[in-house]
Amino acid sequence: MKIYSADTWTIEELTEQIDDAGRRTLVIPAADTKQAVLETFSKVLDFPEDDGVDLDALHDSLHDVADAVTDDGEAPVTFIWQVPAALRADRSFGVICETLQDAESYAGTSLAVIAVCL
């Protein structure tokens with residue numbers, strides 16, 4: 001997982017670089033709390049309704065995305081997660097980062113995450 005400051009790279013610049021590399025981009029909009037982040041990921045990843053909205057559902061959905069790249073021949077994906085200062089100050093930021101890093105490890109080159117600190 002790469003972490004950048006919004007002062008260094010804009011979302012548009014990162015998206016252009018990702019597109020140039022032949023990858024898909026999914027932007028995860030900013031959310032201030034753990035639950036709001038999970039709900040945002042849920043909307044973007046379209047969590048199955050019976051999975052709920054928690055870290056386990058995020059974990060499973062990220063693995064599903066990685067499997068779709070490998071099994072279905074979809075283009076690799078890079079998530080750009082916009083992270084506000086309020087969330088970085090909360091310990092849940094670290095827990096969410098660990099979940100995302102685990103998914104990257106599982107996926108190899110199929111899935112990457114960039115956190116952009118706002």
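The values are calculated or read from the model by the stated rules, or taken from the named source; none is laboratory data. Computed from a predicted model, the values in this text were never measured in an experiment. Cβ sites come from the backbone with ideal geometry, for glycine too, and all protein chains shown count toward neighbours.
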Quiz item: Which ones in region 60-94 are at pLDDT below 95 and β-branched (Val, Ile, Thr)?
Solution: Val65, Val69, Thr70, Val77
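Could you check region 36-115 for helices (runs of 4 or more DSSP H) lying wholly inside it with 1 or more residues that are surrounded by fewer than 15 Cβ atoms within 10 Å (Cβ to Cβ) and acidic (Asp, Glu)? If you could, list the steps in order and put the result at the bottom.
Values: elements: 55-72, 85-88, 92-107.
The helices (runs of 4 or more DSSP H) meeting that bar are 55-72, 92-107.
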Quiz item: Which of (1) within 26 Å of Thr109 (Cβ to Cβ); (2) within 13 Å of the chain's Cα centre (by Cα); (3) aliphatic (A, V, I, L, M) does Ala68 not meet, given it meets every other one?
Solution: (2)
Quiz item: In the list Ala57, Ala30, which residue meets the criterion of being in contact (Cβ under 8 Å) with a residue 60 or more places away in the chain and closer than 21 Å to Phe93 by Cα?
Solution: Ala30
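For region 1-15, how many residues meet the condition of being of a type in the set (D, E, K, R) and either surrounded by 12 or more Cβ atoms within 10 Å (Cβ to Cβ) or touching a residue at least 12 places away in the same chain (Cβ under 8 Å) (or both)?
Initial filter on region 1-15 (of a type in the set (D, E, K, R)): 2, 7, 12-13.
From what's left, either surrounded by 12 or more Cβ atoms within 10 Å (Cβ to Cβ) or touching a residue at least 12 places away in the same chain (Cβ under 8 Å) (or both): 2.
Adding up the residues that qualify gives 1.
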